[in-house]
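Just below is one structure, and these are the notes that go with it.
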Amino acid sequence: GHLRAEIVRGRLESEGFPAILKYESASTMLPMMVAGMGEVQVQVPRSFADKAREVLARPPADGEPEED
């Protein structure tokens, strides 16, 4: 969901990765999933993708929220 995606984006940005969220604008207003509506993607430039996956695979540091 949107909140989880914000946490993931924040974690990536704190590590120096440029990250954006991609979602349907209606998904932030409607609390239900309809044919893919509600999906949120965290995107980084392709050249950062492998390193970003490595960062997200590591356990969060103390005090950092988990993405789960």
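The values are calculated or read from the model by the stated rules, or taken from the named source; none is laboratory data. Keep in mind that what you see is a predicted model, and the values were worked out from it rather than measured. We place every Cβ from the backbone using ideal geometry, glycine too, and count neighbours over all the protein chains shown. Note: accessible area is taken over every heavy atom of the protein model, side chains too, but ligands, DNA and RNA are not part of it. Shrake-Rupley method; radii C 1.70, N 1.55, O 1.52, S 1.80 Å.
Remarks
- Tabulated pairs, the range 1-18, first hydrophobic (A, V, I, L, M, F, W, C), second in a loop (DSSP other than H, G, I, E, B) and buried (at least 17 other Cβ atoms within 10 Å of the Cβ), C-beta under 7 angstrom, 6+ apart or interchain: Leu12/Ala19; Leu12/Val44; Phe17/Val44
- Reported count of residues in the range 1-14, each being open to solvent by 30 Å² or more (accessible area, probe 1.4 Å) and either at pLDDT 95 or above or out of contact with any helix residue (DSSP H, G or I) (no Cβ under 8 Å at 6 or more places or on another chain) (or both), is 9.
- Members of the range 23-68 that are at pLDDT below 60, out of contact with any helix residue (DSSP H, G or I) (no Cβ under 6 Å at 6 or more places or on another chain) and closer than 13 Å to Ile7 by Cβ: Asp68
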